[in-house]
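To start, the structure itself, in structure tokens.
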Amino acid sequence: MTPVLITMAMEKKSAEVTDWAARIGWVVGLLLFVVFVYWLMRQGWKWRGSLQSDLPELPTAPAEPGEAKLTMTGRYHGSTTAGQWLDRIVAHGLGTRSRAELTLTEQGLVVERPGAQDFFVPAAALREARLDKGIAGKVLAEGGLLIVTWAHGGKLIDSGFRSDHAAEQSTWVESLTNMINTTEGAAR
């Protein structure tokens, strides 16, 4: 090694000075960007709700809904326009995911959601029940979601539920289908 290289290697190097003002500026800029994106998402959610304002208020369960045929606890994953699994409905709290307790009676389907608006689907409004793999924002294995199609305000709505005990979902499909067929037969 040459003497110049040895001398340079032996010299102590000082640590690089951190430019705190620039670093704080970048952090603040990033936080402002995140807040702006969140605000845009919130505005989009509110805009979607205003577009769906023609949807009437959700029916509430009657004072005496009748004897429970089936009950289920699980999660409510949202509602969409029937047949369009990505067109989420957010009006009247239908877009809010929550825990749910479902009760099927002769009068219809009672959906109780702690922390969100409860609603009732009259037996005459029920159209279809099936097992599917997804609804807006939630995709599971084939048959992982109970999808109930119902009519409200001249619109068909698909509502997605997932039971805490997945094996009972097929029983729900059978019971709802029987109720729908019985209701349609009585209406004819």
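The values are calculated or read from the model by the stated rules, or taken from the named source; none is laboratory data. Note that the structure is predicted; figures quoted are calculated from it, not measured. Neighbour counts run over all protein chains shown; Cβ positions are idealised from the backbone, glycine included. When the accessible area is computed, the model is the full protein with side chains, heavy atoms only, and any ligands, DNA or RNA have been set aside. Shrake-Rupley method; radii C 1.70, N 1.55, O 1.52, S 1.80 Å.
Quick rundown of the values:
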{"quantity": "Candidate set: the stretch 14-62, residues that are among the hydrophobic types (A, V, I, L, M, F, W, C) and under 30 Å from residue 104 (Cβ atoms); chosen: the one farthest from the chain's Cα centre (by Cα)", "calculated": "61"}
{"quantity": "Test: residue 83 is surrounded by fewer than 11 Cβ atoms within 10 Å (Cβ to Cβ) and closer than 19 Å to residue 127 by Cα", "calculated": "yes"}
{"quantity": "Check on residue 74, closer than 22 Å to residue 129 by Cβ and either open to solvent by 50 Å² or more (accessible area, probe 1.4 Å) or not hydrophobic (A, V, I, L, M, F, W, C) (or both)", "calculated": "yes"}
{"quantity": "Single residue of 147, 157 found to be over 14 Å from residue 176 (Cβ atoms), open to solvent by less than 10 Å² (accessible area, probe 1.4 Å) and in a strand (DSSP E or B)", "calculated": "157"}
{"quantity": "Hits in the stretch 133-160 (condition: under 15 Å from the mean Cα position of the chain (by Cα) and of a type in the set (Asp, Glu))", "calculated": "158"}
{"quantity": "Positions within the stretch 25-46 being at pLDDT 85 or above and either open to solvent by 100 Å² or more (accessible area, probe 1.4 Å) or among the charged types (D, E, K, R) (or both), in sequence order", "calculated": "26, 30, 31, 32, 33, 36, 38, 39, 41, 42"}
{"quantity": "Residue list for the stretch 107-130, filter: among the hydrophobic types (A, V, I, L, M, F, W, C), in contact with an Asp or Glu (Cβ under 8 Å, 6 or more places away or on another chain) and in a strand (DSSP E or B)", "calculated": "110, 111"}
